[in-house]
Structure formats: structure tokens, C-alpha cells
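Participant: Can you keep this structure in mind? I'll have questions shortly.
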């Protein structure tokens, strides 16, 4: 499939920027999907992709997901994402991220970046040296730092909303939860679930990380290829996407799927299949919006308490999705899209009639970063 065919397959994107600097080894792609609600905000992922086509597919899917995530979360932000092709364990340099910052800066605030898989606070600090259009910068610079505790807290709220919908209670004590992936979000989620009294099973490709979590929280670990088949109440995918696919869907022994991973459904039809199986799917971009909510608070002037309070709204947003699904007799994945699209269309029309009125966060970011 050619590049333009791939782009067309994943929806109408407003802008795609290919970034290359051979001197520092930078190969990156920035995808801006939609700015009807405001400037596109989405993290920069660094991953050792097999090839450029795989990277392009990922950034196109992720940026579209950010559009829907911001809309469903009720934020005045659009959707964008960036990927850097490379091994985050061996190929990170100051020059690479500062070069990437130049490309972000060339977009003049249409795209605002942040942390994602494979990147962290120090990387955002390097980007910040070249552009103000970055969030999740270290607290010493007036930023919010690592957004993963807030993402994980939002996931917890989504799990509780789904549990209430499926089991009639959002008390997680004694509920069996399987957590796939123990990165920053998954690890923080295990902490929150432990505090709630859940019975937790975990898996991660990093054995040392898995051992650390097992020792720290007393949870049970299984092999990565076994976690999706664990007999549990709730599956919480917190690794990479497309875990609900033709090969895995028959393995699930749970009543709820609610986790922090992006693009959990390999295809939309898998959401319908989960519904037929009686498994409640809490749409990923509604559940994992806590990190986005956190950096949005950073744009306004950061307060940790306000950020945590905002992530509690994930609970209400999930309940709205479940209500729409029951009302319209549709899958929850379709209900979430419907909720997000209605807001995009409504606010987009307002923006056409009143240009510039919906870019408050855009202006505020300039003020925050020019301190």
C-alpha cells in the first residue's frame, strides 16, 4: 500500500509532517488529525518500529484517537500525535530531541507535544529548549512532570464506572483484575488497584520490572502470552494496541475490558463481537484520557489537586457512553465515537461562526511557556 493510500485509509488528517535530520539520526512523523476544538495535543512516542510504514500506521491511528479522546473528555483540544523511529533504550540523545523540537516549533502551535511510550520528562525538557509547544515538562520548569499517575487514576475511574455498570458496584475490593503491561501507567494502576483491595494478576515483557511489581505489591504474575486468558472479572490492557483481535477474542475469560492502552480494538467489528459475548468494553480513549486532562490543566496553570480532580470525570464520561449504548442499542465503541463526533461537529460549526473563540488553551500556553 502506498503512503497516500495509507493516509486515506485512516481518515482525513489535516497535516502530516515527516521529520528527518541525518546528523542526529532523527526520523519522526507528526500527524495532526483535527483541530476543530483547538490545537492538536498528543504525545511523542519513541519505538523501534520495523519500518516506516509501521510507524506511519501507528501515528495515523493514534492521532485520530487523540481527536476523539479530547472531544469525549470535554476539552478544547484537537488531536495529534508524533512518533520517533528508534530504540528508546539506546538511541536517545539531546541532539535528537532538540532537532525534533525544531520541527514541532515549525508548526507554530498547531501541534503541542507531550510524553508518551518511550519518552519522559528529560526528553520533554530538551524539546522545550527549542519550542514552547510542549507539556509534561519537569516541575522545575513549571510543568506537570510525568503524566502517567494521572492517566492511571483516570483508568481507575473508568474501571470503577465499568464495574458499576456490569456488577452494580464500583467497589473493587475482592474483584479480580488482570493488568497487561507494567510501564508507567500500568505500574501506577497496580498501586491504585492495590489500595482498592483488588486481586491483581500482572504480566510484562520486562521480567525485571515484573519482579519489582510482584515484590512491591504482592500481586501474582503470569507469562505475557497467558495474561489475556486469565480468569478474572476485569481485563486492564496497558501495553500496546490491537489486543482485541481475531486471535485473542476467544481467549477472554472476563466480564469487562477497561485499560490504559490505545486502540485496543484491532477493528471496530471486534467491539461488536465483545458485545455479543457479553463483555463490557470501556472505550480506551475515554478511559485513558487522564493524562490528557493533566496536561490540559498545565496549559491553564498547573495544580496537582485540580488535575486529579479532573481525572475523576472519566467516571462520568464512561457512564455517558454506557447510557448512549443502551439508548441506541449499539456497542460502546460506537457510542463513544458518536458522543465525540457530535461535540466536534457542534463546536466546529461554532468556531466557523466565531473564529478564534475556541483557542483559549492555545493562547494560555503561550503565556505559561513565556514565563
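Participant: Going by the structure shown, is residue 80 outside any helix (DSSP H, G or I), within 21 Å of residue 290 (Cβ to Cβ), at pLDDT 95 or above and in contact with a helix residue (DSSP H, G or I) (Cβ under 9 Å, 6 or more places away or on another chain)?
Facilitator: yes
Residue-wise test of (1) buried (at least 24 other Cβ atoms within 10 Å of the Cβ); (2) on the phi > 0 side of the Ramachandran plot; (3) out of contact with any helix residue (DSSP H, G or I) (no Cβ under 7 Å at 6 or more places or on another chain).
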residue	(1), (2), (3)
49	no, no, no
56	no, no, no
60	no, no, no
64	no, no, yes
71	yes, no, no
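Participant: Does region 166-174 contain any residue that is part of a helix (DSSP H, G or I), at pLDDT 95 or above, within 27 Å of residue 201 (Cα to Cα) and in the same structural domain as residue 227 (by TED's automatic domain parsing)?
Facilitator: yes
Participant: Where in region 1-53 are there strands (runs of 3 or more DSSP E), lying wholly inside it, with at least 2 residues that are under 22 Å from the mean Cα position of the chain (by Cα) and closer than 11 Å to residue 83 by Cβ?
Facilitator: 26-34, 44-47
Participant: Could you tell me how many of the residues in region 195-212 are in a loop (DSSP other than H, G, I, E, B) and over 24 Å from the mean Cα position of the chain (by Cα)?
Facilitator: Residues flagged as in a loop (DSSP other than H, G, I, E, B) and over 24 Å from the mean Cα position of the chain (by Cα) within region 195-212 amount to 1.
Participant: A further question on this structure: Identify, please: which residue in region 103-124 is in contact (Cβ under 8 Å) with a residue 60 or more places away in the chain and more than 25 Å from residue 289 (Cβ to Cβ) and is, among those, surrounded by the fewest Cβ atoms within 10 Å (Cβ to Cβ)?
Facilitator: Filtering region 103-124 for residues that are in contact (Cβ under 8 Å) with a residue 60 or more places away in the chain and more than 25 Å from residue 289 (Cβ to Cβ), the one surrounded by the fewest Cβ atoms within 10 Å (Cβ to Cβ) comes out as 106.
Participant: Among the numbered conditions (1) surrounded by fewer than 19 Cβ atoms within 10 Å (Cβ to Cβ); (2) in a strand (DSSP E or B), tell me where residue 215 comes up short.
Facilitator: (2)
Participant: To continue, here is another question. Pull up region 139-179, narrow it to residues that are within 23 Å of residue 70 (Cα to Cα) and free of Cβ contacts under 8 Å to residues at least 40 places away in the same chain, then point me to the one that is surrounded by the most Cβ atoms within 10 Å (Cβ to Cβ).
Facilitator: Step by step, filter region 139-179, then rank; the result is 149.
Participant: Moving on to the next point. Regarding residue 92, is this residue over 17 Å from the mean Cα position of the chain (by Cα) and either outside any loop (DSSP other than H, G, I, E, B) or more than 23 Å from residue 22 (Cβ to Cβ) (or both)?
Facilitator: No; evaluated as a whole, the condition is false for this residue.
Participant: Right, another one. Only one of (1) more than 23 Å from the chain's Cα centre (by Cα); (2) surrounded by 22 or more Cβ atoms within 10 Å (Cβ to Cβ) is not met by residue 80, so which one is it?
Facilitator: Status for residue 80: all satisfied but (1).
Participant: Related question: Given the criteria assigned to a loop (DSSP other than H, G, I, E, B), at pLDDT 95 or above and over 15 Å from the mean Cα position of the chain (by Cα), does residue 107 qualify?
Facilitator: yes
Participant: Which numbered condition trips up residue 250, out of (1) buried (at least 18 other Cβ atoms within 10 Å of the Cβ); (2) part of a loop (DSSP other than H, G, I, E, B)?
Facilitator: For residue 250, the failing item is (1).
Participant: Taking residue 129 as meeting all but one of (1) surrounded by fewer than 24 Cβ atoms within 10 Å (Cβ to Cβ); (2) in contact with a strand residue (DSSP E or B) (Cβ under 7 Å, 6 or more places away or on another chain); (3) over 25 Å from residue 258 (Cβ atoms), write down the number of the exception.
Facilitator: (2)
Participant: Has region 329-337 got at least one residue that is loosely packed, with under 14 Cβ neighbours inside 10 Å, more than 27 Å from residue 114 (Cα to Cα) and over 18 Å from the mean Cα position of the chain (by Cα)?
Facilitator: Yes, some residue in region 329-337 is loosely packed, with under 14 Cβ neighbours inside 10 Å, more than 27 Å from residue 114 (Cα to Cα) and over 18 Å from the mean Cα position of the chain (by Cα).
Participant: Any idea which of 236, 242 is within 15 Å of residue 178 (Cα to Cα) and outside any helix (DSSP H, G or I)?
Facilitator: After ruling out the rest, the residue left standing is 236.
The values are calculated or read from the model by the stated rules, or taken from the named source; none is laboratory data. None of the values given here were measured: they were computed from a predicted structure. A quick note on method: Cβ atoms are made from the backbone with ideal geometry, for glycine too, and the neighbour counts reach across all protein chains shown.
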